Each structure stands twice: as C-alpha cells, then as structure tokens.
Amino acid sequence: MRGLKKQRRIQVIALALVCLTGATALIGFALRDGINLFRSPTQVAELAPLPGEIFRLGGLVADDSISAGEGVQFFFNITDGANTVAVKYVGTDLPPDLFEEGQGTIATGTFKDGLFEATEILAKHDESYMPKEVIDALKEQGVYQEPKGS
C-alpha cells in the first residue's frame, strides 16, 4: 500500500512536469512571431537580420527621402545619424498624419536584399514625443537633440 502511494505520487509529479514543459513550449512557439525586437540603422548595418525576421526599425526619417510609390506604398530612409536604411512601405494604410522628414518613426517589417519592407509605421503623436528606443539610438550616435521648450 505504501509503495503504491509513493509510485502514484511520482507519476503525478512526472505528469505535472511534462504538462508544464509542454505549456512552456507552446507559449514560446506562439510568441515567437509576436515579439518584435527593436533595431537602429547602425545595428542593422553591423549585423544583418535573419531572412524573414520581423523586427522594428527606428530612427529619424531622413531629409528629402520620402518618395511616392504605387497606391499607398511609398519609399523613405530611416537614419540614426551614423547609418541609413532604405524603407519601402508595403502596408495597406496611409502614413500617419505626423509622419514627416526629420521626425522620429518606428517601422515594423522585414529586411530583404538591403531594403526594409515595412508593413506598419508608427510616428510621434504630438510635436515633442519621440519613442524611447529612437531617443536611445540617437543618443548612442551622438545626434540626439532635446526638443525645444522642454
């Protein structure tokens, strides 16, 4: 009787560990596409992303770089002062109202053949806001300037 209780307890613990391991694996598998790492243009230049890897690219929209494409598609460059990455917007929405040259932006997409194909673009939501990741990347390159009036 005592041996049977001990054996049953070991079986329950083993089953619980298998279930926990399985649940952890399923959560990791589900989140692998949902986690988008942030990279600056310098980080992309130093270490090219894996083919098909979805990540967020952030920096300033380079001056005189926005050009029209077909439909809602358009081209622009993102820079952090040291490096610049060419971007093609391939999403279905119009660009945000405050998306303009010289302003901070974050684009989500993939890097293919030296061109970042963005499916989503985020821009500041007021005159003084800039995403923390973009500020950090610009400070790292020594080109960040505090907004006027802050």
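Miscellaneous remarks
- Sorted ascending by nearby beta carbons within 10 Å, beginning with the fewest, I78, I121, I54 become I54, I121, I78.
- Both radii are taken from the alpha-carbon atoms of region 67-108; with Rh as the Kirkwood radius, Rg/Rh is 0.94.
- Whichever aspartates and glutamates have a C-alpha closer than 14 Å to that of K132, once near sequence neighbours (fewer than 8 apart) are set aside: D80, E140, E146
- Prolate is the label for region 1-87. Its Cα gyration tensor axes, ordered a ≥ b ≥ c, give a/c of at least 1.5 and a/b above b/c.
- In this simple spin-label approximation, D97 and L15 carry label points 7 Å from Cα along the Cα→Cβ vector, and these lie 5.9 nm apart.
- The value of relative contact order for region 37-141, using C-alpha pairs under 8 Å at least six residues apart, is 28 percent.
Readers should treat all values here as calculations from the given coordinates under stated rules, not as data from a laboratory. Every value quoted in this text rests on a predicted model; they were computed, and no experiment measured them. Please note: Cβ atoms are built from the backbone with ideal geometry, for glycine as well, and neighbour counts cover all protein chains shown.
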